[in-house]
Amino acid sequence: MNKSLGLALGALAGVALAGTDAHAQALRPNILVLLDTSGSMLYQQANDGSPLCNNNANGQTSRVFNMKNAIRAALAQVGTDEANFGLARFPQLENAATTNCPAAHWSNGTSNNCSTSTTCTAVGGNLGCKMTTQSSTAPETTYGTWFDNGIGQALMVPVTRASTGLKALAAADYDPVGANITSVYKWIDQSDSGMTGATNPDPELRIPPNTNTPLGRSMFYSRLYFENYVYPNDPKKACRQNVLIIATDGAETCDTGAGTSIDPTTCAQTPANSYTAFNPVLQACLTRRSAVIPKGVLVYILTDNGLSTADKATANAMAAAGGTGQAIFVTLTDTNAVKTALVDIIAKTVPPGEVCNGLDDNCDGQIDEGVSNTCRTCTVGNTIAACGGFTIAPDSKTDPDNVVAQNGGAARHCAVEACNCQDDNSTVKSTKACPRTPAASHVAARSRPSSAMGWITTATATSTKASWSARPA
């Protein structure tokens, strides 16, 4: 799709979201939507409004019912060429023996014998807080086989090609055809096949009642996913932005220990080491400041405007630590408001701009396009915005960035384009933005007869015209 999206957003619960236009991206960001599957997303911990729950009218006022509708509407509006999409939830276990509303075949695990149990998801007795493969006695804080064995409990659709599994292994696995929207739809279309297992043709995201809210651990799992499953083999990893959108209705209920503050630049804690390992503000910062991904992962918090003042402050702290300023507060049962907020997030996740540095900053196969003519003036002490921190000596063969000169050519990296039918500034395009008045030498050379038929060039003060025809006698 190559259409623009008019996104006129008003103030939503006191937070103004500036509407921006989404357009076809030359470089598609990876956007993982993490949907809160805690019990409070249901109507009274019991109903999701789906056919499984008899299309209950009260259930259709639930947050999860409206969130699913909003995500579908947002993806339909932005289309398949804006981003690559994935879908995640809080950890759950599949249980073919259960079929009842609202959980269907999904369970939030157990809380007994967690030191030895293979079904324990509890932290401090709270169900649904962790992957069963993560230790209860000494929880892992780095990637390992425990993660490989458990990530399927939380990740439903990867941001890479879904048909090849959760982990991208080759360049062909990136930028999947259709952006994975069809795969995401299957999980949020309010119905399922009733089947189980990896071959289920139409699964559905469900919520077991009384499940808790592990925001911090879910950010941790998402970071490990991006760092180890997405980033390593991405052919555009130097340019591509990875994004995590957390759509949640409440505060952390699994790992709540917190200190006074966290420095969003360094993730340093005040007092030192005062936050628990999986505190959501700390994990938001560690996700944004990933030690593996230089650009980090942006963390957006989309949450309910009915939160308490204290919980809103924590949501804002998570967003600030995650590099997105402040949380986005909407009424989660208002499908249109949620859709608008989601589209706005997607629309402003644009590729990086090209700067004059001799590099392909936006991974579009071109170097310094649009700013190359500025390079010649990017000398020490300049104040030109397009130069950034880059400096160059365009006529010197000793300039380390002057690739042409180092290969024996004339020093002309980022030279000013002249009307001479040559590629003066190494942008693989010759004579760009030429003045329309032709040079006399060009006209004379092209008008010189060599046979009865040939190029005839005529010139006026404002244009040059060439045609292949019989020359006058």
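The values are calculated or read from the model by the stated rules, or taken from the named source; none is laboratory data. Values in this document were obtained by computation on a predicted structure and should not be read as measured data. FYI the Cβ positions are ideal-geometry reconstructions off the backbone, even for glycines, and counts take in every protein chain you see.
Details
- Selection status of residue 163, closer than 19 Å to residue 64 by Cα, of a type in the set (Ser, Thr, Tyr) and in the same structural domain as residue 64 (by TED's automatic domain parsing): no
- Within region 293-326, the set of residues being touching a residue at least 60 places away in the same chain (Cβ under 8 Å) and touching an Asp or Glu at 6+ places or on another chain (Cβ under 7 Å) comprises 293, 304.
- Some residue of region 232-241 being aliphatic (A, V, I, L, M) and at pLDDT 95 or above: no
- The single residue among 365, 325 that is assigned by TED's automatic domain parsing to the domain that holds residue 243, part of a loop (DSSP other than H, G, I, E, B) and not charged (D, E, K, R) turns out to be 325.
- Scanning region 79-103 for residues that are crowded, with 24+ Cβ neighbours inside 10 Å, out of contact with any strand residue (DSSP E or B) (no Cβ under 7 Å at 6 or more places or on another chain) and hydrophobic (A, V, I, L, M, F, W, C) returns a single hit, 90.
- Qualifying residue in region 259-280 (condition: surrounded by fewer than 16 Cβ atoms within 10 Å (Cβ to Cβ) and within 16 Å of residue 227 (Cβ to Cβ)): no
- Qualifying residue in region 202-209 (condition: in contact with a strand residue (DSSP E or B) (Cβ under 9 Å, 6 or more places away or on another chain), on the phi > 0 side of the Ramachandran plot and charged (D, E, K, R)): no
- Of all residues making up region 259-286, the number that are of a type in the set (A, V, I, L, M), in a loop (DSSP other than H, G, I, E, B) and either touching a strand residue (DSSP E or B) at 6+ places or on another chain (Cβ under 9 Å) or at pLDDT below 95 (or both): 1
- Top-ranked residue of region 213-241 - restricted to ones that are part of a loop (DSSP other than H, G, I, E, B) and of a type in the set (Ser, Thr, Tyr), ranked as farthest from residue 64 (Cα to Cα): 231
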